Amino acid sequence: MAPLTALPEAFHRAVAGLRAVTPREEIQIEEVGAPQRLAPYAFALSATVLRGSDEVATGRLVLLHDPDGHDAWQGTLRLVTYVTADLEVDLVADPLLPTVGWTWLTDALDAHGAAYGALGGTVTQTCSTRFGELAGPPAGGDIEIRASWTPSTTGLDAHLRAWCDLLASTAGLPPPGVTVLPGGRRPAGTA
C-alpha cells in the first residue's frame, strides 16, 4: 500500500469513517491485511462475534478504492464482505433462510442510512453430518453471506454500523438492551 501521505483523500476519509466506529461489546473488530490485487488501495477489517465465550460468527469487510473507478462498481469505492455463522440444523434447513439472510444486510444498510448502489451477493446455507473418524457432535450447519456494494459517500461509519448489525443478526444476537431467555438459539453442536 502507498505511504500514508500519498493516499487519495476519498480513501483516507473512507478509512477514517471505518475506524471511527466502536461496535457493541460482543463484536471484536481488528484491522487485518487487505488483498492487494483487487484495487490500487485496500483496507480490511476482521470481526469475531462472541456470545459468552463462544465464537458464534465471523466476518471480513474489505474497502477497495480505485481512483479511476470501475464500471461494475459504478464508483471509485467498493465494500466487500463475507460473514459466516454456525446454525442449528432446523434453521439451516429453512428454505427462507437465504432471503432472510439477504434482508439482514439490506435492512441494516437502510436502517443506518448507509446509501449504496450496485449491491450484489450470495447467501449460502450448508448442512453437515460427521462420520467415521470425524464423528462427534450432532449434525450442524452454517450460513455464509457474501456481498459487495458501492457506498454513495466516503463517510463509511454508517456502513460499518450496518455491517455490525449484519454480524449480530447472523450470530443470532438480540438487539442491544434485550435479554435472551434460556433455551434460545445456540451455535450448532453445543448443548
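The values are calculated or read from the model by the stated rules, or taken from the named source; none is laboratory data. Just so it is clear, the model here is predicted, and its values are computed rather than measured. Here the Cβ is made from the backbone with ideal geometry for all residues, glycine too, and neighbour counts use every protein chain on show.
Scan segment 86-103 for residues that are within 23 Å of residue 156 (Cβ to Cβ) and buried (at least 17 other Cβ atoms within 10 Å of the Cβ) and jot them down.
101, the sole residue that qualifies.
For segment 19-28, name all the residues that are farther than 11 Å from residue 173 by Cα, among the β-branched types (Val, Ile, Thr) and in contact with a helix residue (DSSP H, G or I) (Cβ under 8 Å, 6 or more places away or on another chain).
Passing the criteria: only 21.
Residues in segment 134-191 that are modelled with pLDDT under 90, surrounded by fewer than 17 Cβ atoms within 10 Å (Cβ to Cβ) and not in a loop (DSSP other than H, G, I, E, B): how many?
Count: 1.
Among the candidates 22, 58, 81, which residue alone is of a type in the set (Ser, Thr, Tyr) and without any contact (Cβ under 8 Å) to a residue 12 or more places away in the chain?
22
Could you check segment 104-133 and list, in sequence order, the residues that are surrounded by 14 or more Cβ atoms within 10 Å (Cβ to Cβ), assigned to a helix (DSSP H, G or I) and not hydrophobic (A, V, I, L, M, F, W, C)?
106, 107
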